[in-house]
1. Output the residues belonging to the range 37-62 that are buried (at least 17 other Cβ atoms within 10 Å of the Cβ), among the aliphatic types (A, V, I, L, M) and in a loop (DSSP other than H, G, I, E, B).
2. Among the helices (runs of 4 or more DSSP H) lying completely within the range 97-168, list those that include at least 2 residues that are closer than 30 Å to L31 by Cβ and at pLDDT 80 or above.
3. Output the number of the condition that Q48 fails; it satisfies all remaining conditions of (1) under 28 Å from F182 (Cα atoms); (2) in contact (Cβ under 8 Å) with a residue 12 or more places away in the chain.
4. What number of residues within the range 203-248 are touching a Leu at 6+ places or on another chain (Cβ under 9 Å), closer than 28 Å to T117 by Cβ and either without any contact (Cβ under 8 Å) to a residue 12 or more places away in the chain or in a loop (DSSP other than H, G, I, E, B) (or both)?
Amino acid sequence: MKLRLISCEVLFREMCDAVARSPHQVDVEFLPKGWHDLGGKKMAALIQERIDAVPHGACDAILLGYGLCGNGLDGIEARHTMLVLPRAHDCIALLMGGRRRYQEFFEENPGTYYRSTGWLERGRGLRQLTHATAGLEASLDELIAKYGEENGRYLYEELTRYRSTYQRLVYIETGLEPDNRFEEEARWEAAEKGWEFRKIRGSLELFRRLAAGDWGGGDFLVVQPGERIRATWDDNVVTVEAVREIVS
């Protein structure tokens, strides 16, 4: 098969490893990590543009290197080429090896912030919440200067409330790390914020299966031309629905 992979750059190392091992020809395009901070509808619209830019007949399937990612794939349509994506809440679920392990870990370890090689290497400015666009990187002095003393302090308290909800930082190790620099950076970040540090072993299985064309077992969603991706809010994460054509 000839495949086209469109992926978030946060998964650069994992996807490159998978493509190198694939028996198929896989052309790759990585998209900016910052698109997550634009909100689900805007992110979906931008990814749809990149999907639509793939010429009809150029490949057998377009692979999406994303989880649902804050509804960033919800509503995306397969126009003329089949789409394939993993059933995963976000890239953390991908790095853990699947949505079920992610859900179990999430329930057993509330208040956990996650890091991986890609999250650190591709810039620490991208947060697992939309911090950058919400103003969470602004200092107290900056907010006071912009909004006044009372409003500035109120906004600072609200925008930094997330810090009190986290208790630990978990670094997901996949085996692709060149050395220990990323683990040490994650340890430093945890210490800086006063969080517990833990390291867990991730998995490359979903990445490799996606690139290899091994899409069975219920772990992937296949979207045929004329269908769109829809979030399900259940264990399946995503499903397909037919695109309704409006006849005038």
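The values are calculated or read from the model by the stated rules, or taken from the named source; none is laboratory data. Predicted, not measured: the structure shown is a model, and the values here were computed from it. Ideal geometry is used to build each Cβ from the backbone, glycine not excepted, and the neighbour counts take in all protein chains shown.
1. Scanning the range 37-62 gives a single hit, V54.
2. 99-108, 117-121
3. Here Q48 meets the rest and fails (1).
4. The number of residues fulfilling the criteria is 6.
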